[in-house]
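Below is one structure; the comments refer to it alone.
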């Protein structure tokens, strides 16, 4: 297993030097959020580190699936409110910094969606606001029975408008609005019932559950998975007829791939396929 830290300028900003730990074990990478004292709050340097880590594993041809985990008592407490409050002293009352932070965070979330690698959130503790958004943004999510979820911005006068984007694309409209309007905490079991997470696990088995999903994905053709992930998110935003036209073209492109030829041949011949990613 290879371990290292995502490179960023956090030490210059007075934030932890190692905000994201990258571990690579075979075809699976684990990105671990590492600001335990701040409940892994998304400061601007933290956002930059996550974005950099996502880019690194996305470009690594040896990686087929990614687990997003966290150190400390919480998974992610959302934006760093202390950092943002301190910028109220700026001449513009923080407007420029707030704009930079929100756009950087939105880009970070979209980088996960754009990545050809499936991301699996392994949520052991509380995930609130942009932390809940991070869970919803991942392709799959496993939650410990001790995990909690909330979009509580409404309680402090700041509606969770950007978390709303990912949340509303994962759970039903009524459930999303309930979370956004009430700001209440959701249990892991309710998050599973509402479609925010795929599975609920005991705390001690959380990473094994996430790793099991990652290994199963890694056993597939990486090219096929990448084609499918991209197509899934693109068709969601299209009208029905346009989506079918687009998906038909994707199917033709996929059928022309060597891995599709190999996979179909292996199925017919009753043998295990050998993927080349081509």
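The values are calculated or read from the model by the stated rules, or taken from the named source; none is laboratory data. This is a predicted model, so every value here is computed, not measured. Positions of Cβ are generated from backbone atoms using ideal geometry, with glycine treated the same way; all protein chains shown enter the neighbour counts.
From (1) within 17 Å of the chain's Cα centre (by Cα); (2) outside the structural domain of residue 151 (by TED's automatic domain parsing), pick out the condition that doesn't hold for residue 199.
The single condition residue 199 does not satisfy is (2).
How many of the residues in segment 72-95 are free of Cβ contacts under 8 Å to residues at least 60 places away in the same chain and under 15 Å from residue 124 (Cα atoms)?
The number of residues fulfilling the criteria is 5.
Does segment 66-74 include one or more residues that are touching a strand residue (DSSP E or B) at 6+ places or on another chain (Cβ under 7 Å) and over 15 Å from residue 50 (Cβ atoms)?
Residues of segment 66-74 touching a strand residue (DSSP E or B) at 6+ places or on another chain (Cβ under 7 Å): 66-71, 74.
Among the residues that remain, those that are also over 15 Å from residue 50 (Cβ atoms) are: 74.
Yes; the residues of segment 66-74 include at least one that is touching a strand residue (DSSP E or B) at 6+ places or on another chain (Cβ under 7 Å) and over 15 Å from residue 50 (Cβ atoms).
To keep it simple, each residue is scored yes or no on (1) surrounded by fewer than 18 Cβ atoms within 10 Å (Cβ to Cβ); (2) within 28 Å of residue 28 (Cα to Cα); (3) in contact (Cβ under 8 Å) with a residue 24 or more places away in the chain.
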{"residue": "163", "(1), (2), (3)": "no, yes, yes"}
{"residue": "183", "(1), (2), (3)": "no, no, yes"}
{"residue": "201", "(1), (2), (3)": "no, yes, yes"}
{"residue": "226", "(1), (2), (3)": "yes, yes, yes"}
{"residue": "243", "(1), (2), (3)": "yes, no, no"}
